[in-house]
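Peer 1: Got a structure for you, written out below as structure tokens; questions coming shortly.
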Amino acid sequence: MVDDVCHYDIQQNDKYGRYLVANKDLDGGDVIFTDSPFAVGPKPDTPPLCLSCYCPVENTLCASCGWPMCSEECSKSATHAAECEVFSTARVRFQKVEDWTVSAPQLDCITPLRVLLAKEKDSERWKRELEAMETHTESRKLRPTWGADQVNIADFLIDHCKLGNRFDKDLVQRVCGILEVNSVEIPSRGGFSIRALYPRLAIAAHSCVPNIVHTILQNDYQVQVRAAVSIKASEILYLCYTHSLSPTLLRRDFLADSKFFMCDCRRCADPTELGTHLSTLKCNKCDNGVIMSTNPLDNDAPWACSEKNCEFRTSGAAMRKMLAVVQAEIEQLDALEPGPAAIEQREAVINKYKSVFHPRHSLLLSLKHTLAQLYGRVEGYGIDELPDLMLERKAEFCRLVLSTLDVIMPGETRMRGMMLYELHAPLMFLARSEFSAGLITQEKLKERLQEPIKCLAEAARILTREDPQSPEGITGLIAQQSMEQLTASLECL
Ligand SMILES: [Zn+2]
Ligand SMILES: [Zn+2]
Ligand SMILES: [Zn+2]
Ligand SMILES: [Zn+2]
């Protein structure tokens, strides 16, 4: 279902190489273009998964080639046909593993092989859309992953899978570079995150304050790219290649490691992260000071207290170490089942670090973002059993995330849609609870319910653009129905 919307031009400069600009004035939510993946497949470090639907598998293999597959139907899918023939002909089977839940480097060859096979099948598209892609070969050669890719992918495909008469090892390494620099991580139907190479999306320049969003349409993994905010004709289209809620230090490390550039966008350059304080710490040497980098664009610049008379200083390296420790502690919480402990342990970590970090610091904000979704949804913390104080806490966290998004990820984004949906519930229950306690009149109740209706309407507008089978798409439909019900119930009051 590729529509032919094409509201961009390609331009070129020294900083970005090729990049996209709007070719007309756009409003938030407008579709700019839709792109088909050149190839889709497992990302590195993935445990064995079905090579067709990407669900976890254990001991089930394709009857023809002996590589992981969940079912006969998946073995026969078009996605797998060409590689199935390569493996069957060369008699190269997947080497069985002891633990099917740990990453299997054998699978690292799959996506590069799919790019090679797609190149062979559609050499015109390769020439048109991939030939000019950045690979950073010289930088990649200096890294240990180069050697691993040479053995696990280039030698494996050319020597073991006997593809030497169709491709060569330099081309395989080039494809590995193209994937590393240009592919994006996307969700799959089967559950695992995978990677996909979208040639047109890959041209978009990066900024830590993006102005476009992309949605994966799960039936065929097409990507739909929209304006997140109003964009004027000839403005640059910016995608964010990294996790938007991360602090500057971690975003810039990620971009340098995986995308081979040092970001110097206006958010990275500002020690306050445009006033969001996602990187800011509290000073424990004085009362009112906060600690920020003296130059966020220099990894070695010291961090210092904002108070004139306070002499507290620390190094970028010490800051990085500290963030890694706390981040590891927070990641452990992700293993918890959604239940009372998932809420209580997160609150405990927030409490533990509240004197260390600014309340809006990225690490605390990510905990609050998760809590905003857990309150009202887990056993013992159902929305209709939450005391007013906890309803207020849920609302506070939603508003905190929303106000941060307004600055760093403005406009019509999935995360904003999901947070607005979460926010409507405590607002609605708080208004009703005050009404039943006789604290507000019926007129006032009607007035108070206008805000949750607005939240639901906006959530529905944003989220119904998503794939209807994705969690966001499902929430979008529920938001639409809830908005209609709430509006109808108001008319009966
Ligand atoms: Zn499958
Ligand atoms: Zn097969
Ligand atoms: Zn940046
Ligand atoms: Zn201080």
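The values are calculated or read from the model by the stated rules, or taken from the named source; none is laboratory data. It should be emphasised that the depicted structure is a prediction, and the values quoted were computed from it without experimental measurement. FYI the Cβ positions are ideal-geometry reconstructions off the backbone, even for glycines, and counts take in every protein chain you see. Each accessible area value is taken on the protein alone, full model and side chains, heavy atoms only, with ligands, DNA and RNA left out. Shrake-Rupley method; radii C 1.70, N 1.55, O 1.52, S 1.80 Å.
Peer 1: Output the number of the condition that Leu278 fails; it satisfies all remaining conditions of (1) within 12 Å of ligand 3 (Cβ to nearest atom); (2) open to solvent by 40 Å² or more (accessible area, probe 1.4 Å); (3) under 19 Å from the mean Cα position of the chain (by Cα).
Peer 2: (2)
Peer 1: So for segment 335-347 (the condition being touching a Lys or Arg at 6+ places or on another chain (Cβ under 8 Å) and surrounded by fewer than 18 Cβ atoms within 10 Å (Cβ to Cβ)), does at least one residue qualify? Don't jump to the end; show me each part of the working.
Peer 2: Of segment 335-347, the ones touching a Lys or Arg at 6+ places or on another chain (Cβ under 8 Å) are 338.
Okay, now just the ones that are also surrounded by fewer than 18 Cβ atoms within 10 Å (Cβ to Cβ), so 338.
Yes, there is a match, as at least one residue in segment 335-347 is touching a Lys or Arg at 6+ places or on another chain (Cβ under 8 Å) and surrounded by fewer than 18 Cβ atoms within 10 Å (Cβ to Cβ).
Peer 1: Let me ask you something else. For segment 49-96, give me each residue that is touching a residue at least 24 places away in the same chain (Cβ under 8 Å) and either within 16 Å of ligand 4 (Cβ to nearest atom) or among the small types (Gly, Ala, Ser) (or both).
Peer 2: Hits for segment 49-96 are Ser52, Ser64, Gly66, Ser77, Ala82, Ser88, Ala90.
Peer 1: Among what's in segment 27-62 and is of a type in the set (S, T, N, Q) and in contact with a Cys (Cβ under 8 Å, 6 or more places away or on another chain), pick the residue that is farthest from ligand 2 (Cβ to nearest atom).
Peer 2: Start the filter on segment 27-62 by keeping residues that are of a type in the set (S, T, N, Q), which leaves 34, 36, 46, 52, 59-60.
Applying the additional criterion that residues be in contact with a Cys (Cβ under 8 Å, 6 or more places away or on another chain) yields 52, 60.
Details: Ser52: 9, Thr60: 12 Å.
Result: Thr60.
Peer 1: Yes or no: Glu180 within 31 Å of the chain's Cα centre (by Cα), among the acidic types (Asp, Glu), open to solvent by less than 70 Å² (accessible area, probe 1.4 Å) and within 20 Å of Lys259 (Cβ to Cβ)? Walk me through how you get there before you give the answer.
Peer 2: On the way: within 31 Å of the chain's Cα centre (by Cα): yes; among the acidic types (Asp, Glu): yes; open to solvent by less than 70 Å² (accessible area, probe 1.4 Å): yes; within 20 Å of Lys259 (Cβ to Cβ): yes.
Considered against the rule, which asks whether it is within 31 Å of the chain's Cα centre (by Cα), among the acidic types (Asp, Glu), open to solvent by less than 70 Å² (accessible area, probe 1.4 Å) and within 20 Å of Lys259 (Cβ to Cβ), Glu180 comes out as yes.
Peer 1: What are the residues in segment 438-473 that are among the hydrophobic types (A, V, I, L, M, F, W, C) and surrounded by 15 or more Cβ atoms within 10 Å (Cβ to Cβ), if any? Reasoning before the result, please.
Peer 2: Kept after step one, since they are among the hydrophobic types (A, V, I, L, M, F, W, C), are these residues of segment 438-473: 439-440, 445, 449, 453, 455-457, 459-460, 462-463.
Within segment 438-473, Ile440, Leu445, Leu449, Ile453, Cys455, Leu456, Ala457, Ala459, Ala460, Ile462, Leu463 qualify.
Peer 1: Is there any pair linking a residue in segment 331-351 that is within 14 Å of Leu365 (Cα to Cα) to one that is β-branched (Val, Ile, Thr) and surrounded by 12 or more Cβ atoms within 10 Å (Cβ to Cβ), with Cβ under 9 Å and at least six apart or on different chains, and which?
Peer 2: Arg346/Ile330; Arg346/Thr370; Val349/Val326; Val349/Ile330
Peer 1: Kindly list the number of the only condition in (1) assigned by TED's automatic domain parsing to the domain that holds Leu430; (2) hydrophobic (A, V, I, L, M, F, W, C); (3) under 27 Å from Arg252 (Cα atoms) that fails for Met390.
Peer 2: So the condition that Met390 fails would be (3).
Peer 1: Among the residues of segment 392-408, is any small (Gly, Ala, Ser), outside any helix (DSSP H, G or I) and surrounded by fewer than 18 Cβ atoms within 10 Å (Cβ to Cβ)? Full working, then the answer.
Peer 2: The first filter runs over segment 392-408 and keeps only residues small (Gly, Ala, Ser), leaving 395, 403.
Remaining after also requiring outside any helix (DSSP H, G or I): none.
No: zero hits.
Peer 1: Name the residue that is farthest from ligand 4 (Cβ to nearest atom), counting only residues in segment 225-275 that are in contact with a Gly (Cβ under 8 Å, 6 or more places away or on another chain), open to solvent by 10 Å² or more (accessible area, probe 1.4 Å) and within 30 Å of Cys6 (Cα to Cα). Spell out how you get there, then give the answer.
Peer 2: Step one: list which residues in segment 225-275 are in contact with a Gly (Cβ under 8 Å, 6 or more places away or on another chain), which gives 226-230, 249.
Remaining after also requiring open to solvent by 10 Å² or more (accessible area, probe 1.4 Å): 226, 229-230, 249.
Among the residues that remain, those that are also within 30 Å of Cys6 (Cα to Cα) are: 226, 229-230.
Working: Arg226: 44, Val229: 37, Ser230: 41 Å.
Only one residue fits best here, namely Arg226.
Peer 1: Which of the residues that make up segment 263-274 are free of Cβ contacts under 8 Å to residues at least 60 places away in the same chain and within 9 Å of ligand 3 (Cβ to nearest atom)?
Peer 2: Initially, segment 263-274 is screened for residues free of Cβ contacts under 8 Å to residues at least 60 places away in the same chain, giving 263-266, 269-272.
Those that are free of Cβ contacts under 8 Å to residues at least 60 places away in the same chain and within 9 Å of ligand 3 (Cβ to nearest atom): Cys263, Asp264, Cys265, Arg266, Ala269.
Rundown of residues vs (1) touching a Pro at 6+ places or on another chain (Cβ under 8 Å); (2) away from ligand 2 (no atom under 16 Å from the Cβ); (3) open to solvent by 40 Å² or more (accessible area, probe 1.4 Å), yes/no style:
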position: Ser64; (1), (2), (3): no, no, yes
position: His80; (1), (2), (3): no, no, no
position: Leu117; (1), (2), (3): no, no, no
position: Leu130; (1), (2), (3): yes, yes, no
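Peer 1: Further question on the same structure: If Leu107 meets every condition in (1) farther than 21 Å from Gln222 by Cα; (2) within 16 Å of ligand 2 (Cβ to nearest atom); (3) aliphatic (A, V, I, L, M); (4) surrounded by fewer than 16 Cβ atoms within 10 Å (Cβ to Cβ) apart from one, which number is that one?
Peer 2: If we test Leu107 against (1) farther than 21 Å from Gln222 by Cα; (2) within 16 Å of ligand 2 (Cβ to nearest atom); (3) aliphatic (A, V, I, L, M); (4) surrounded by fewer than 16 Cβ atoms within 10 Å (Cβ to Cβ), just (4) comes out false.
Peer 1: If you scan segment 255-272, which residues turn out to be over 17 Å from Ala202 (Cα atoms) and not acidic (Asp, Glu)?
Peer 2: Met262, Cys265, Arg266, Arg267, Cys268, Ala269, Pro271, Thr272
Peer 1: Quick one: which helices (runs of 4 or more DSSP H) lie wholly within segment 65-142 and hold at least 3 residues that are touching an Asp or Glu at 6+ places or on another chain (Cβ under 9 Å) and away from ligand 1 (no atom under 16 Å from the Cβ)?
Peer 2: Details: elements: 72-75, 78-90, 110-121, 137-141.
By residue number, 110-121.
Peer 1: Look through Val102, Val209 and report the one residue that is open to solvent by 50 Å² or more (accessible area, probe 1.4 Å) and either within 16 Å of ligand 4 (Cβ to nearest atom) or aliphatic (A, V, I, L, M) (or both). Working first, answer last.
Peer 2: Values: Val209 fails: open to solvent by 50 Å² or more (accessible area, probe 1.4 Å).
Selected residue: Val102, the only one of Val102, Val209 that is open to solvent by 50 Å² or more (accessible area, probe 1.4 Å) and either within 16 Å of ligand 4 (Cβ to nearest atom) or aliphatic (A, V, I, L, M) (or both).
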